[in-house]
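Structure record follows, encoded as structure tokens.
Only the coordinates and a few stated rules stand behind these numbers; no lab work does. The shown structure was predicted, so the numbers you read here are calculated from the model rather than taken from an experiment. All Cβ positions, even for glycine, are placed from backbone atoms using ideal geometry, and neighbour counts span all protein chains on display.
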Amino acid sequence: MSDIAEGRHEKWKGELLGHPKPLFLMFATEMWERFGYYGMRAILILYLTQHFIFDQGVASAIYGAYTSLVYLTPLLGGYLADKYLGSKHSVKFGAILMAIGYFGLTFGGEEAKPYLEYDGVRYEVVKVEAEGQDAQQFVVTGAGRYLVRGDAEGNVMLEGSDGSVLPSVMPEGSYDFDGERSPFFIHLMFMSLALVVVGNGFFKPNISTMVGDLYAQGDARRDAGFTIFYMGINSGSLLSQFFVPLFAAWWGWEYGFGLVVIGMILSWALIQFENGRLAGIGEAPPDAPGGRANMMIYLGSFLAIPIMWFLMLGAMEAASITQQAQATGPWSYFLNQPLLGKLMIISYLAAILGIPGYCLATMHKDARDKMIVATILIIFSTVFWTLFEQAGSSMTLFAANNADLSVPVLGKMEAGQVQVFNPLFIVLLAPLFSIMWVALARRGWEPSTPVKFGLGLLQVGLGFIVLAYGSNYADNTFQVGIIWLILAYLLHSTGELFLSPVGLSMITKLSVPKLVGFMMGAWFLSVAMAQYAGGIVAQLASSEAVGGKVLSTELSLNTSVDVFQTIGIWAFGIGVGLLVISPLLRRGMHGMK
């Protein structure tokens, strides 16, 4: 190392605010990467429904497939870094792939052209905008054009139609609204998402590993260091979910995704040009083969991209609420799932059923009980994340379809911006929760992990119940005040603070040492399964739309509220059930908190 480089490295030795200085470089790296991920997530479902004019159910299935893969690939990315590449090189490689993927999303082509298909004939649909009014959709025929309206029963009315070409009333099921899309740009979008999925697999687990490398085993500052690091996640999320939807609304989707690209490039540059600040941190293991083996990993990563594309494309093609409704039982429903869904369900059930079976056959009582409790809590966490992750799909569509997004002083928000309330509440409340847990622990009152999980489920359920209750105060255009969305996000955020911070800690505490890595994999598999299941729930909350706009705001409100109320009550009931059995689970933890 040169004298100059050595001098730079020396500057980054020592501490800042009681922590190793490189922590703050990794804080910034994570912040800008999360800026990219959450910024893209804020507008993805809207991009799918308003630019490509996908049916809301199809868009929700694509969203669920994408997010499930995002949480699945880190399992392999972490392993490859540990054995071959090292965390630092993995993070750089992942950042490059994600930046290319986000850049690909800026090329969406022309907006899809909506059409109506009736009795085997297609008719063009045009959008007419008038100042101070919402855009209106018209069906164009040789006899004229007719204003499209929908009712609460799912029927479509064509105002002005005399019935000579199209009937004035088309019953539900007799018509089909869709859009003509460019196959090239559809495939480009899926390839771009696939690049992000693979890149995230290399980035997400390994930046956290590098933070852990800063602290020796037993260093009391480790938890506080990770707390600072994870504030980077919420800082990036807060910034991006405010600005990215604004850029997309003001100047176009490509500008929203372009802002995401800038965030990802900044993340890559911070780690690429670290100038020796991270020397010795995240390096490849000494016995790693390097060379040819690394090239095979890079080649395999590029070969994985079309596989991810194929799985998401399959989810899109299979997505149909009508098809799912035809299922007559669990087996029929399973067979109706796309390949990704089948693989996800089989893997999840194999883990959830296989772990207790293995423990019963091979372990002594204490270890067996702890592992079974960990598995049970993983199942409950799957329920939580399935509902919590409605933020990026059904709750964003609800904001677009049925929420009055006017905020005093600030003016009207964009639908994608409502997701900003979650990181905002996390940033504001996390320090208070930390103080609260310490104070309760001093008095011996801190709840056990099962109780925290149960309270988290109660709150995510209550959030949906509150949102459903707010529909009673909808105006005559079936718009609900934004305060109800804010209250729902508040409850979801407090629920997250009860469950999320203790989840991974619970895995490390309850797992036998030789199976900690496997159980971590089971935890991330459960989150991936929750993302996929969340897409299914969001499909149930979807409504018929034409040109990206719902046919009937009354019907979309009723549909969303029915689903929100149902999942809210179920989550609340499951949370109560977990609280009831928590003393039994606590005994199975054998002294663990």
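What full-extension length gain, to one decimal in nm, is calculated for W250 and F107 as 0.36 nm per residue of separation minus the Cα-Cα distance?
Value of the extension gain: 49.8 nm.
Would you please give the residues with an amide H less than 5 Å from that of A545, counting only those at least 5 places away or on a separate chain, with H modeled from the backbone geometry?
The list, which skips near neighbours in sequence, is Q56, L551.
What does the C-alpha gyration tensor say about the overall shape of segment 113-180? Classify as rounded when a/c is under 1.5, otherwise prolate if a/b is larger than b/c, or oblate.
Judged from the Cα gyration tensor, segment 113-180 comes out rounded (a/c under 1.5).
What is the distance in Å between the Cα centroid of segment 521-540 and that of segment 80-104?
Centre-to-centre distance over Cα atoms comes out at 24 Å.
By its C-alpha gyration tensor, with a ≥ b ≥ c as the square roots of the eigenvalues, how is segment 76-120 shaped: rounded for a/c under 1.5, else prolate for a/b larger than b/c, else oblate?
Oblate is the answer for segment 76-120, as a/c is 1.5 or above yet b/c matches or exceeds a/b.
Which lysines, if any, have their Cα less than 30 Å from the Cα of K113, not counting same-chain residues under 8 positions apart?
Straight-distance partners of K113: K127, K412, K549.
Please give the length that would be gained between A152 and H590 if that part of the chain were fully extended, namely 0.36 nm times their separation in residues minus their C-alpha to C-alpha distance (nm, one decimal).
152.2 nm
Going highest first, how would you order 159-170, 496-507 by mean Cβ packing within 10 Å?
In decreasing order of mean packing, 159-170, 496-507 become 496-507, 159-170.
Could you give the DSSP H helices of the chain that reach 15 angstrom or more along their long axis (alpha carbon positions) and whose average Kyte-Doolittle hydropathy is no lower than 1.6?
Helices passing the filter in the chain: 339-362, 421-442.
Could you please rank D119, D366, placing first whichever residue has the fewest other Cβ atoms within 10 Å of its Cβ?
On the way: D119 9, D366 13.
Fewest to most other Cβ atoms nearby, the residues stand as D119, D366.
Applying 1/(1 + (r/R0)^6) with R0 = 30 Å to the Cβ-Cβ distance of L504 and Y298, what FRET efficiency is obtained, to the nearest 0.05?
Calculated transfer efficiency: 0.55.
Among (1) 24.5, 81; (2) 25.0, 86; (3) 23.2, 74, only one was calculated for this model; which label is it, if the read-out is Rg and Dmax of the Cα atoms in Å?
(2)
Net charge within 10 Å of D55 by Cβ-Cβ distance, Lys/Arg positive one each and Asp/Glu negative one each, not counting D55 itself?
-3
Give me the number: length gained by fully extending E159 to V438, i.e. 0.36 nm times residue separation minus the C-alpha to C-alpha distance, one decimal in nm.
Answer, rounded to one decimal: 94.0 nm.
Any idea what the dipole of the chain comes to, in debye rounded to 20, about its Cα centre with Lys/Arg Cβ at +1 and Asp/Glu Cβ at -1?
Working: 34 positive and 43 negative charges, 559 e Å.
In total the dipole reaches around 2680 debye.
What does the net charge come to around P450 if you take all other residues with beta carbon closer than 12 Å to its beta carbon, with K and R at +1 and D and E at -1?
Local charge sum for P450: +4.
So how do K92, K342, K204 line up by other beta-carbon neighbours within 10 Å, fewest first?
With the fewest neighbours first, K92, K342, K204 line up as K342, K92, K204.
Using a Cα-Cα cut-off of under 16 Å, which lysines could be cross-linked to K92, ignoring same-chain neighbours fewer than 8 residues away?
Once the sequence-local lysines are set aside, what remains near K92 is K204.
Considering amide H positions built from the backbone, and no H for Pro or chain starts, which residues 5 or more places from V407, or on another chain, come under 5 Å of its amide H?
K412, M413
Can you grab the distance from the C-alpha centre of segment 330-399 to the C-alpha centre of segment 140-155, Å, no decimals?
If we compute the Cα centre of each part, the gap is 44 Å.
Using amide H atoms built 1.01 Å from N in the peptide plane, name the residues 5+ places from V169, or on other chains, whose amide H lies under 5 Å from its own.
L158
Among K370/K452; K342/K365; K21/K88, which pairs are too far apart, with a Cα-Cα distance over 27 Å? Mind dumping the intermediate values first?
Working: K370/K452 17 Å; K342/K365 34 Å; K21/K88 17 Å.
Beyond 27 Å: K342/K365.
Using helices alone, I'd like the mean residue ellipticity at 222 nm for the chain: each DSSP H run of four-plus residues gives -39500 (n - 2.57), total over residue count, nearest 500.
-23000 deg cm²/dmol
Projecting each Cα onto the charge dipole of the chain (Lys/Arg +1, Asp/Glu -1 at the beta carbon, about the Cα centre), which of L551, T449, G120 comes out farthest on the positive side?
Projecting each Cα onto the dipole axis, the largest value belongs to T449.
What's the ranking of 575-581, 82-88, 95-101 by average number of surrounding C-beta atoms within 10 Å, highest first?
95-101, 82-88, 575-581
By its C-alpha gyration tensor, with a ≥ b ≥ c as the square roots of the eigenvalues, how is segment 518-581 shaped: rounded for a/c under 1.5, else prolate for a/b larger than b/c, else oblate?
oblate
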